[in-house]
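First the structure, in the form of structure tokens, and then the observations on it.
The values are calculated or read from the model by the stated rules, or taken from the named source; none is laboratory data. The structure displayed is predicted, hence computed values, not measured ones. Neighbour counts run over all protein chains shown; Cβ positions are idealised from the backbone, glycine included. The area values use the complete protein model at the heavy-atom level, side chains included, leaving out ligands, DNA and RNA. Shrake-Rupley method; radii C 1.70, N 1.55, O 1.52, S 1.80 Å.
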Amino acid sequence: MGVNKTYISVGYASVGMFMGFSAFLVWNIAFNQPWTAAMGGLSGVLALWALITHIMYLQDYWRTWLKGLKFFFFIGVFFSLLAVVAFISFLSTAIRNQESPTNPQSLYLSCVWSFMTLKWSVLLALYAHRYRKEFADISILSDF
């Protein structure tokens, strides 16, 4: 018997949440770089939302609340656009200021965490879309 892919996604989202929150703490406390900390924290929050999405799927809560999945989808799309804008802004600012990529206080690391935020927001939208599609098909069949 194989492992359910949803359980692997729960583990992946848990690790992503831990990494995002730890980046938030490290770049706020040790390196004093608020932009990298903000993007790391946002990445952790979006990973938490993806984790909540999976847990609610496993507990079968989404069947009665399809509007919630639609909301999660639009949140994922919104933060995807925000992450792309942040990535371009941080990259252009870092290039313009000729910052070193190896400096922990440079904006290049903010670009990395903007990309991680983009990843989690796209995954959140993807998971919400998949679960909504699955439960919408089931609700159509149960109407007969």
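Only helices enter the 222 nm calculation for the chain: every DSSP H run of n ≥ 4 contributes -39,500 (n - 2.57), and dividing by all residues gives -29000 deg cm²/dmol, rounded to 500. The separation of region 69-102 from region 107-137, counted between C-alpha centres, amounts to 13 Å. Return the Rg/Rh value of region 1-63, two decimal places, where both radii are evaluated on C-alpha atoms and Rh is the Kirkwood radius. Taking Rg over the Kirkwood Rh, I get 1.15. Once divided by 2.2 N^0.38 Å, the Cα radius of gyration of the chain becomes 1.22. Solvent-accessible area per residue in region 30-130 equals 54 Å², computed with a 1.4 angstrom probe and all protein chains kept.
Taking a straight Cα-Cα cut-off under 22 Å and skipping sequence neighbours fewer than 8 places away in the same chain, the lysines within cross-link reach of residue 119 are 5, 70, 133. Each residue of region 43-109 gets 73 Å³ once the volume of the Cα convex hull is shared out per residue.
Spin-label model, residue 12/residue 130: points 7 Å from Cα along the beta carbon direction are separated by 0.7 nm.
Across the chain, the mean sequence separation of Cα contacts (distance under 8 Å, 6 or more residues apart), normalised by length, yields a relative contact order of 30 percent. Heavy atoms only, probe 1.4 Å: what % of the accessible area of region 70-122 goes to carbon and sulfur, would you let me know? Heavy-atom surface of region 70-122 belonging to carbon and sulfur, 1.4 Å probe: 75 percent.
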